[in-house]
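A quick write-up on the structure given underneath.
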Amino acid sequence: MRCLKRYTALLLILILSISLTVTVFAAVDDTGFSDVDSDVWYAEAIMYCREHNLMAGTGNNQFAPESNLSRAQLAAVLYRMEGTPAVTGTDAFTDTPDGAWYSAAVLWASRQNLIGGYGGGIFGPDDPVSREQMTAILWRYAGSPATISKNVFTDETDIANYAAAAVDWADNNHIVRPFSDTAFAPKSNATRAQVADALMNFDRIQKPTNNAQMEPVQTAENSSMLHLTINGTTLTATLEDNSSAQALKELLADGPITIDMRDYGNMEKVGSLGASLPTNNEQMNTQAGDIILYQGNQITIYYDTNSWSLTRLGKINNITAQELRTLLGSGDVSVTLAFG
């Protein structure tokens, strides 16, 4: 009888052990990662990113949801989303060695004006990407759509000017989840879980399904691109969301304006606009392709870096620093601005 009871007890322990093991493995199988429980708020996003090849794990069956995502990693994510298009040449950064795992992604992202450097040839591939940087990069990848400002966050004043329109767009379309009910936390580092959530929402708005209909982007009227004609070549530029850029649009509503521009400092072309615009000066590190308002009445096109308090008007699309330098030439140049 004692043996029977002993065997029965052992059998119950074995059954309980198997039951617990099945439960544990079921939770892992739900997300595909041992450090992502199936009931956490980001579980669906991580599963979606894994299934759609947007983000992978960090090895050893882990996703590291609370770890930071680096600037190079975000460039690689967007590069995969784009289908890893072929790229040739090298980027203009001194801290992104040729042959690195992220080389093609950084080259592509910089040429698409999605992720710029800090100035002085620095990209910072291993630096964590902040929440406002992540949002601005996704906004640029979406084509920098215009949107309606709601000013719903208590930390609105902490959001950098370059990211203000992006945060409004992301909030209006439920792409980037707020940090809390009232705050966005723009300067906080974006965790891998937060990025996965934003990527899922972004991907669904680009490819909506019956189960995931997203709120449409609210586009402002007359949001056409700025066109710049230089030596017979026409480029497009995306305007900044500020009163200075809006005033430039209104000025050009009467027709194109040609500006005679001179070289300055071996980093920019500058010329008089012939009219004064409101300024929105901020300390910035300019990059090649930046269109800047200087002293309220002069237009500057940068083909190299600079650090100064300036007003950003826009950014030339899809051109490298070397291509822009070659197009602008070494001397004076005439640039025609127009909308159309």
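For mean projected area of the Cα convex hull in nm², the listed values are (i) 17.9; (ii) 20.0; (iii) 22.4; which was obtained by calculation from the structure presented?
(iii)
In debye, nearest 20: dipole of region 226-339 around its Cα centre with unit charges on the Cβ of K, R (+) and D, E (-)?
Charge dipole, region 226-339, about its Cα centre: 60 debye, nearest 20.
Within the chain, which whole H helices from DSSP have a Cα span along their axis of at least 27 Å and a mean Kyte-Doolittle hydropathy of 1.6 or more, if any?
Correct list, ordered by number: empty.
Give the total of Lys-Lys pairs in the chain with Cα-Cα distances below 30 Å; include a pair only if its members are 8 or more places apart or on different chains.
Going through the chain pair by pair, I get 10.
Please compute the net charge surrounding Lys315, taking Lys and Arg as +1 and Asp and Glu as -1 over other residues with Cβ under 10 Å from its Cβ.
Once positives and negatives cancel, what remains is 0.
For the chain, what does the relative contact order come out to in percent, with C-alpha contacts under 8 Å and a separation of six or more?
Worked out over the chain, it gives 15 percent.
Picking from Thr135, Thr88, Thr236, which is most flexible by a Gaussian network model of the chain using Cα springs under 10 Å?
With Cα springs under 10 Å in the chain, the top fluctuation among Thr135, Thr88, Thr236 is at Thr88.
Rounded to the nearest 20 debye, what is the charge dipole size of the chain about its Cα centre when +1 sits on each Lys and Arg Cβ and -1 on each Asp and Glu Cβ?
920
Charges on Cβ only, +1 for Lys and Arg, -1 for Asp and Glu, centred on the Cα centroid of the chain; of Ala166, Leu293, Ser244, which one is farthest towards the dipole's positive end?
My answer, from the dipole projection, is Ala166.
Since every read-out is calculated from the coordinates, none of them should be taken as a lab result. Because the structure is a prediction, the values reported are computed rather than measured. Methodologically, a virtual Cβ is constructed for each residue, glycine included, from the backbone with ideal geometry; neighbour enumeration extends over all protein chains shown.
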